[in-house]
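What follows is one structure encoded as structure tokens, with my remarks underneath.
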Amino acid sequence: MREFTYEATSARIVFGPGCAERVLAEEIERLGVQRLLIVATSRNASLIATPAKALPVVATFDGVRPHVPVETVNLAVALATRTGADAVLSVGGGSTTGTAKAIALRTSLPIVAVPTTYAGSEVTPVWGTTEGARKITGRSSVVVPKTVLYDPALTMTLPVAMTAASAMNAMAHCVEAVYAPGANPITDLIAAEGVRVLADALPTVMADLSDAVGRAGLLYGAYLAGSAFAGAGSGLHHKICHVLGGAFGLPHAETHTVLLPHVAAFNEPAVPALRTRVAPALGAGDVAGGLTRLAARIGAPTSLAQIGLAEADLDAAVRLVLEKDLSDNPRHVGEAEARLILTGALRGSPPALAATLSTRGESV
Ligand code: NAD
């Protein structure tokens with residue numbers, strides 16, 4: 001058994017259809033909260049309108065913006081301070097949870113999170129804000145929610161494209177966790193189970209968005225994905241996604257879906273757990289093939305060109321990827337490797353090609 005360090009996050013997890021309606025007030029009371037700030041878009045706030053009547057709400061911040069701009073955080077922190085809030089309740093996707101985390105980072109207020117997408121941020125110590133075009137991220141235990149209520153009933157309204165993309169984002173967290181810098185036997189276990197649960201539930205939900213069992217599976221998979229990501233961290237795939245999102249404005253979750261099979265194919269020869277744990281969880285012989293078939297089954301985009309990257313952007317994308325520190329990837333990533341991965345993803349060609357490149361130390 002190899003040596004490892006694993007730090008479990010301390011959030012209390014409450015899972016079940018209808019749990020927000022049944023136990024939200026009880027969970028808030030359990031933490032001794034007396035002055036609650038809700039962070040939610042007006043649509044997401046309406047998802048908890050009934051249980052919210054029993055909560056000690058002093059204000060609602062509905063100015064959530066994607067990528068958590070610092071100006072938004074300033075407004076939210078000012079509201080929390082002005083109203084004397086002693087806790088934050090976030091109800092929404094990763095952008096909403098991210099806003100609550102940014103408030104907690106500045107104020108140390110405890111968070112209760114009710115996720116309504118499959119982003120998984122609610123169980124990670126990772127926070128992120130943007131200042132102008134610059135994204136700043138960090139890790140702090142202060143931003144980990146004290147309690148997370150996973151209520152699949154609140155995810156029923158997620159539209160089809162967002163459902164597919166968000167679930168594949170969770171899938172990316174699981175797959176990448178197997179070779180991320182902090183990967184260890186515990187996160188391997190969590191990640192493989194996450195892959196299994198997500199791959200099982202996703203086609204069911206895509207065939208019927210109101211399938212309650214499938215929706216519960218996706219949300220449970222999202223929890224596992226967030227937990228694996230929290231413990232193992234992220235690596236090559238997420239770094240490329242950040243470049244594509246930041247420099248070319250590509251949508252976060254769809255970028256994950258397209259890129260993941262290409263990065264998995266590239267890393268598979270150097271990461272036995274991809275073949276021994278993740279591929280079987282996908283019901284496939286290899287991870288890239290399993291992911292590609294899953295994406296096709298659910299009608300997800302299969303090329304970066306489909307979601308806004310142009311051939312003319314390729315050189316700049318390769319250059320920006322190489323500016324990242326990629327030294328912790330299990331295979332060496334030089335210009336040829338970055339170009340091969342990005343070209344395959346851009347054009348939607350079969351990802352298996354990436355696996356044919358040499359491993360670390362060999363010439364290409
Ligand atoms: P999002 O939070 O931006 O939400 C996308 C859209 O879906 C929004 O318009 C939102 O209002 C809507 N929505 C949310 N729940 C809904 C529901 N139940 N029904 C209908 N519409 C709903 O998107 P996301 O994918 O959840 O989160 C992405 C963000 O989260 C990114 O900024 C990413 O960096 C961040 N993230 C952070 C971590 C972390 O650990 N810090 C992990 C994963 C993602």
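A few remarks follow.
- Take the conditions (1) within 23 Å of Pro66 (Cα to Cα); (2) of a type in the set (Ser, Thr, Tyr); (3) not in a helix (DSSP H, G or I); Thr302 misses just one of them, which is (1).
- The one condition in (1) of a type in the set (A, V, I, L, M); (2) farther than 23 Å from Ala20 by Cα; (3) within 15 Å of the ligand (Cβ to nearest atom); (4) open to solvent by less than 10 Å² (accessible area, probe 1.4 Å) that Val195 fails to fulfil: (3)
- Selection count, the stretch 135-158, where residues are more than 16 Å from Glu122 (Cβ to Cβ), touching a residue at least 12 places away in the same chain (Cβ under 8 Å) and either part of a helix (DSSP H, G or I) or not small (Gly, Ala, Ser) (or both): 4
- Residues being more than 24 Å from Glu27 (Cβ to Cβ) and basic (Lys, Arg) - total across the stretch 145-201: 1
- On the stretch given as the stretch 198-211, residues that are within 16 Å of Thr116 (Cα to Cα), among the hydrophobic types (A, V, I, L, M, F, W, C) and open to solvent by 20 Å² or more (accessible area, probe 1.4 Å) total 1.
- Enumeration of residues in the stretch 13-37 that are of a type in the set (Val, Ile, Thr) and either assigned to a loop (DSSP other than H, G, I, E, B) or buried (at least 19 other Cβ atoms within 10 Å of the Cβ) (or both): Val14, Ile28, Val33
- Condition met for Thr255 (of a type in the set (S, T, N, Q) and modelled with pLDDT under 95): yes
A quick yes/no check of all residues on (1) of a type in the set (Gly, Ala, Ser); (2) open to solvent by 30 Å² or more (accessible area, probe 1.4 Å); (3) within 16 Å of the ligand (Cβ to nearest atom); (4) not in a helix (DSSP H, G or I):
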| site | (1), (2), (3), (4) |
| --- | --- |
| Ala54 | yes, yes, no, yes |
| Val58 | no, yes, no, yes |
| His67 | no, yes, yes, yes |
| Thr72 | no, no, yes, no |
| Leu75 | no, yes, no, no |
| Ala80 | yes, no, no, no |
| Gly84 | yes, yes, no, yes |
| Val88 | no, no, yes, yes |
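- Pairing residues of the stretch 30-45 that are over 11 Å from Val91 (Cβ atoms) and more than 10 Å from the ligand (Cβ to nearest atom) with residues that are of a type in the set (Val, Ile, Thr) and open to solvent by 10 Å² or more (accessible area, probe 1.4 Å), at Cβ distances under 8 Å and at least 6 apart in sequence or on separate chains, gives Arg35/Val58; Arg35/Thr83; Leu36/Val57; Leu36/Val58; Leu37/Val57; Leu37/Val58; Leu37/Thr60; Leu37/Thr83.
- Here Gly214 passes the criteria (1) open to solvent by less than 10 Å² (accessible area, probe 1.4 Å); (2) under 17 Å from the mean Cα position of the chain (by Cα); (3) not β-branched (Val, Ile, Thr) except the one numbered (2).
- Single unsatisfied condition, Ala230 versus (1) over 22 Å from Val126 (Cα atoms); (2) of a type outside the set (D, E, K, R); (3) open to solvent by less than 20 Å² (accessible area, probe 1.4 Å): (1)
The values are calculated or read from the model by the stated rules, or taken from the named source; none is laboratory data. This structure is a prediction, so every number in the text was calculated from the model and none was measured. Cβ: placed from backbone, ideal geometry, glycine included. Neighbour counts: every protein chain shown. In case anyone asks, the SASA skips ligands and DNA or RNA and just uses the protein heavy atoms, side chains included. Shrake-Rupley method; radii C 1.70, N 1.55, O 1.52, S 1.80 Å.
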